[in-house]
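Notes to accompany the following structure.
The values are calculated or read from the model by the stated rules, or taken from the named source; none is laboratory data. Since the model is a prediction, treat every value here as computed from it, not as a measurement. Neighbour counts are summed over all protein chains in view; Cβ atoms, including those assigned to glycine, are modelled from backbone coordinates with ideal geometry. Calculation scope for accessible area: heavy atoms of the full protein, side chains included, ligands and nucleic acids excluded. Shrake-Rupley method; radii C 1.70, N 1.55, O 1.52, S 1.80 Å.
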Amino acid sequence: MATPPILTGHEVSFSQDEIIVSKTDKTGKITYVNDIFIRVSGYTESDVLYKPHNIIRHPHMPRAVFKLLWETIESGQEIFSYVVNRTKNGDHYWVFAHITPNFDKHGQIIGYHSSRRVARPSAISNIQSLYQKLLSEEQRHPDYKSGINASYHMLHDTIKRQGFDGYDRFIFSV
């Protein structure tokens, strides 16, 4: 895979009435993207099909959030989250993501579906400070795995301290 582009600091946006859609297999490899995904991300369909969805992962996005996301959808549950993504040229865009598992006729997970809307500016400003703390915690640890685990626990502690009984209730309060 090519070296990720340098971050530009430039934010791109899309219309409030547009939805970015992608689908993946069980391992997170992209099997479908809509035209809005293509336009906003700057990738072509051939750039992303059958590639890991984290091709658009922005380095300012804490991995602990993705750990929680994967635990949730692999258990058969849906999740909502604010996510900052990176475009092909190094720009970024914020989304409010809704990720759900797709099931076969026997109830087995066969993939995942993500619909993403424009994130509210107030939500972005509220979540950014938490994400920066989580990311700092991840980077503070000498080993990758312990950093993610420490950040993950910090996320759960923050949610509890703010009086929420789960991530979804917390995210909808942002």
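What the table shows:
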| item | result |
| --- | --- |
| Residue in the stretch 127-135 that is modelled with pLDDT under 95 and assigned to a helix (DSSP H, G or I) present | no |
| Complete set of residues in the stretch 150-168 that are open to solvent by less than 30 Å² (accessible area, probe 1.4 Å) and either farther than 19 Å from F80 by Cα or outside any helix (DSSP H, G or I) (or both) | A150, G166 |
| S46 being open to solvent by less than 80 Å² (accessible area, probe 1.4 Å), free of Cβ contacts under 8 Å to residues at least 24 places away in the same chain and not aromatic (F, W, Y) | no |
| Residue check for F96: of a type in the set (A, V, I, L, M, F, W, C), touching a His at 6+ places or on another chain (Cβ under 7 Å), assigned to a strand (DSSP E or B) and open to solvent by less than 50 Å² (accessible area, probe 1.4 Å) | no |
| Residues of the stretch 110-149 classified as closer than 16 Å to A64 by Cβ, surrounded by 16 or more Cβ atoms within 10 Å (Cβ to Cβ) and touching a helix residue (DSSP H, G or I) at 6+ places or on another chain (Cβ under 7 Å), total | 6 |
| Selection status of N89, open to solvent by 50 Å² or more (accessible area, probe 1.4 Å), farther than 28 Å from Q108 by Cα and either at pLDDT 95 or above or in a loop (DSSP other than H, G, I, E, B) (or both) | yes |
| Where a residue in the stretch 86-112 is without any contact (Cβ under 8 Å) to a residue 24 or more places away in the chain and its partner, wherever it lies, is aromatic (F, W, Y), with Cβ under 7 Å and at least six apart | A97/F80; H98/F80 |
| Residue list for the stretch 11-43, restricted to those being closer than 19 Å to R116 by Cβ, open to solvent by 70 Å² or more (accessible area, probe 1.4 Å) and not aromatic (F, W, Y) | E11, S13, Q16, D17, K23, K29, D35, R39 |
| Some residue of the stretch 110-125 being over 15 Å from the mean Cα position of the chain (by Cα) and either part of a strand (DSSP E or B) or among the β-branched types (V, I, T) (or both) | yes |
| Residue in the stretch 29-46 that is under 16 Å from the mean Cα position of the chain (by Cα) and under 18 Å from R120 (Cα atoms) present | yes |
